Amino acid sequence: MVVHSAQTGERSALLDIALKTRLFTPDEAEALLGGTLDGLADGSLPETHQSVVCRAPAGEALGWSYFAPDAYAEDVWNIWWLGVAPEHHGQGVAQALLSHIEQTITQLGGRVIVIETSDQQPLARARRFYAKSGYSECGRIPDFYGAGDAKVILARSMTKVG
């Protein structure tokens with residue numbers, strides 16, 4: 001597997017991955033993720049905002065992520081999206097993406113990474129993955145995404161102690 005910066009010509013394949021996760025309707029995927037990819041491509045998002053893709057040796061896009069520095073806290077970064085095509089779950093794609101992101105953020109002086117997700121069952125596997133990767137739940141906001149759908153806030157310090 002190879003992780004690299006997302007390229008303009010990958011937009012369609014990346015949105016297809018987002019749709020395969022069944023976390024978004026086509027309109028939501030287009031507005032949220034398509035808009036982000038467009039902003040990265042046309043330079044309307046700051047250059048510190050990044051999107052990376054994990055590809056199979058044969059070239060197929062397996063997963064991708066979008067991350068950016070927090071607008072209000074120095075040296076804090078947010079992973080806004082990390083998605084893997086369901087047929088590639090359990091193959092190390094998310095770990096490859098997360099490792100690449102963590103290395104990039106650390107090299108840029110990041111000290112904390114924040115991930116926000118839903119408490120709903122379809123994202124239980126993702127929450128377990130983040131916990132195994134060193135992220136701790138540090139808050140919940142009930143009904144944030146809708147009635148009965150809490151926002152779960154996870155964070156990891158990238159500062160080595162001792």
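Applying the criteria of a DSSP loop state and at most 10 other Cβ atoms within 10 Å to the trypsin sites (Lys or Arg not before Pro) of region 1-96 yields Arg22.
Across the chain, the mean sequence separation of Cα contacts (distance under 8 Å, 6 or more residues apart), normalised by length, yields a relative contact order of 18 percent. Sorting 43-52, 140-149 by average packing, meaning the other beta carbons within 10 Å per residue, from highest down gives 43-52, 140-149.
Applying both filters, DSSP loop and at most 16 other Cβ atoms within 10 Å, to the GluC sites (Glu not before Pro) of region 64-150 gives Glu74. When you filter the chymotrypsin sites (Phe, Trp or Tyr not before Pro) in region 1-82 for DSSP loop state and at most 15 other Cβ atoms inside 10 Å of their Cβ, you are left with Tyr72. Between the beta carbons of Thr25 and Asp75, assuming R0 = 35 Å, the FRET efficiency works out to 0.50 to the nearest 0.05. Estimated purely from DSSP H runs of n ≥ 4, each contributing -39500 (n - 2.57), the mean residue ellipticity at 222 nm for the chain is -7500 deg cm²/dmol once divided by its residues.
Readers should treat all values here as calculations from the given coordinates under stated rules, not as data from a laboratory. In this text, all values refer to a predicted model and were calculated from it rather than measured experimentally. When we count neighbours, we look across all protein chains shown, and the Cβ atoms used for this are built from the backbone with ideal geometry, even at glycine.
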